[in-house]
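What follows is a short report on a single structure.
What follows is calculated from the coordinates using simple rules that are stated; it is not laboratory data. Bear in mind that the values here come from a model prediction, so they are computed numbers and not experimental data. Virtual Cβ from ideal backbone geometry, glycine too; neighbours counted across all protein chains shown.
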């Protein structure tokens with residue numbers, strides 16, 4: 001079964017900057033041949049259920065090996081069986097609706113003065 005997940009891993013006890021830990025996790029996800037999209041507060045992951053969750057486990061293991069005594073993670077995930085759907089499909093669906101209904105897009109702020 002395929003799954004689309006949104007993962008946010010926060011190593012604790014390692015200081016303020018955690019980018020080196022996240023970079024290692026991104027390498028693990030890439031080496032697992034998962035489709036990923038890094039964003040400011042996490043990573044979207046797409047792939048086969050066991051592959052995704054095994055890679056998340058490997059991320060935790062690697063970050064602990066790097067010296068993080070504690071990790072907190074937030075994971076949201078979804079599956080569907082009625083039809084295949086990719087992360088890009090979901091994004092394209094919203095973008096298409098924005099194009100069909102341009103009034104739904106935000107207007108630039110009104111800067112005129114009375």
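Before moving on, here are some points about what is shown:
- Debye intensity ratio I(q)/I(0), log10, region 2-104, q values 0.10, 0.12, 0.16 Å⁻¹ (C-alpha model): -0.33, -0.46, -0.72
- Ranked list, fewest to most other Cβ atoms within 10 Å of each Cβ, for 8, 25: 8, 25
- Sorting 21, 41 by the number of Cβ atoms found within 10 Å of their own Cβ, with the fewest placed first, yields 41, 21.
- Pairwise label distance in nanometres, residue 100 with residue 38, each label 7 Å out on the Cα-Cβ vector: 3.5 nm
- Nitroxide proxy distance, nm - points 7 Å out along Cα→Cβ at residue 23 and residue 90: 2.8 nm
- Neighbour-count ranking [beta-carbon atoms within 10 angstrom, fewest first] of 64, 39: 39, 64
- Averaging 1/r across all pairs of distinct Cα atoms in region 1-58 and inverting the result yields a Kirkwood radius of 11.7 Å.
- In a fully extended conformation the segment linking residue 79 and residue 8 would gain 23.7 nm over its present Cα-Cα distance, using 0.36 nm per residue.
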